[in-house]
1. Using 0.36 nm per residue, how much length does the chain from Arg49 to Val9 gain when fully extended, once their Cα-Cα distance is taken away?
2. In the stretch 4-138, carbon and sulfur make up what percent of the accessible area (probe 1.4 Å)?
3. In nm, what is the difference between 0.36 nm times the number of residues separating Ala75 and Arg17 and their Cα-Cα distance?
4. Hey, can you find the accessible area per residue of the stretch 19-153 for me, probe 1.4 Å, expressed in square angstrom?
5. So if R0 is 41 Å, what FRET efficiency would Asp32 and Leu86 give, r being the distance between their Cβ atoms, rounded to the nearest 0.05?
6. Once ligands and nucleic acids are excluded and a 1.4 Å probe is used, how much of Glu81 is accessible, expressed in Å² to the nearest 10?
7. Let me cross-check Phe48: its accessible surface, 1.4 Å probe, with only protein heavy atoms counted, in Å² to the nearest 10?
8. If DNA, RNA and ligands are ignored and the probe is 1.4 Å, what is the ranking of Thr65, Thr142 by accessible area, most exposed first?
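The values are calculated or read from the model by the stated rules, or taken from the named source; none is laboratory data. Predicted model only: the values in this text are computed from it and were never measured. Glycine gets a Cβ as well: all are built from the backbone with ideal geometry, and neighbour counts include every protein chain shown. Quick note on the areas: whole protein, heavy atoms, side chains included, nothing else; ligands and nucleic acids left out. Shrake-Rupley method; radii C 1.70, N 1.55, O 1.52, S 1.80 Å.
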Amino acid sequence: MNDAKHTDVIGLLEPLRRYARSLARDEAHAEDLVQDTLVRAYERRSSFRSGGNLRGWLLSILHNTFIDTRRRRAAEFRRLEQAAALADTAAPPEQESRVRLQQVQAAFMSLPDEQRAALHLVAIEGLSYQEAANALKIPVGTLMSRLGRARAALRGFEAGADLSQTPGAKRPSLRIVGGSSV
């Protein structure tokens with residue numbers, strides 16, 4: 001017989017697609033199934049016996065690929081169900097903590113840029129004062145001052161003070177230490 005007939009994969013695509021459609025009952029899933037079959041066949045081409053029935057071999061791979069996919073999805077579904085059951089019993093409702101987190105985030109975001117940057121680098125990124133000062137190109141004392149003001153503003157938020165300045169609201173006046181007030 002002609003050896004090309006035994007290795008004509010292109011000629012077997014229609015039977016593979018028909019069988020995949022009958023198994024999957026969905027055109028897109030069937031196409032994916034055929035593609036996965038061809039990849040598996042290529043990867044395992046050394047297991048094909050010379051002179052064997054290529055059509056039967058490919059249809060067998062397609063069938064096994066379909067079964068494997070179905071089993072994998074069923075197992076994943078069971079794992080998700082078990083995880084959901086555990087999550088329902090193990091975790092308290094998150095609404096209150098989410099609202100609280102949003103409030104803290106809003107307070108953090110309402111800080112002036114320089115205070116927010118300083119606090120972020122030290123508190124969130126974990127940089128030392130010197131590293132944060134170098135990153136911001138400011139003296140360490142200035143960084144510490146900004147951190148102090150940012151922390152005080154957040155403590156004020158915790159105490160119930162409003163961080164956002166309303167337009168036209170008077171800013172607290174600065175006290176002059178030493179020298180004259182003129």
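1. This chain segment gains 12.9 nm when fully extended.
2. Exposed carbon and sulfur together represent 53 percent of the surface.
3. On the way: separation 58, 0.36 × 58 = 20.88 nm, distance 2.59 nm.
Full extension of this stretch gives 18.3 nm more.
4. On the way: 9400 Å² over 135 residues.
Using a 1.4 Å probe on heavy atoms only, each residue of the stretch 19-153 averages 70 Å².
5. On the way: r = 31 Å, r/R0 = 0.76.
FRET efficiency, Asp32 to Leu86: 0.85.
6. Number for this one is 100 Å².
7. The accessible area of Phe48 comes to roughly 50 Å².
8. Numbers: Thr65 5, Thr142 50 Å².
Final ranking, largest accessible area leading: Thr142, Thr65.
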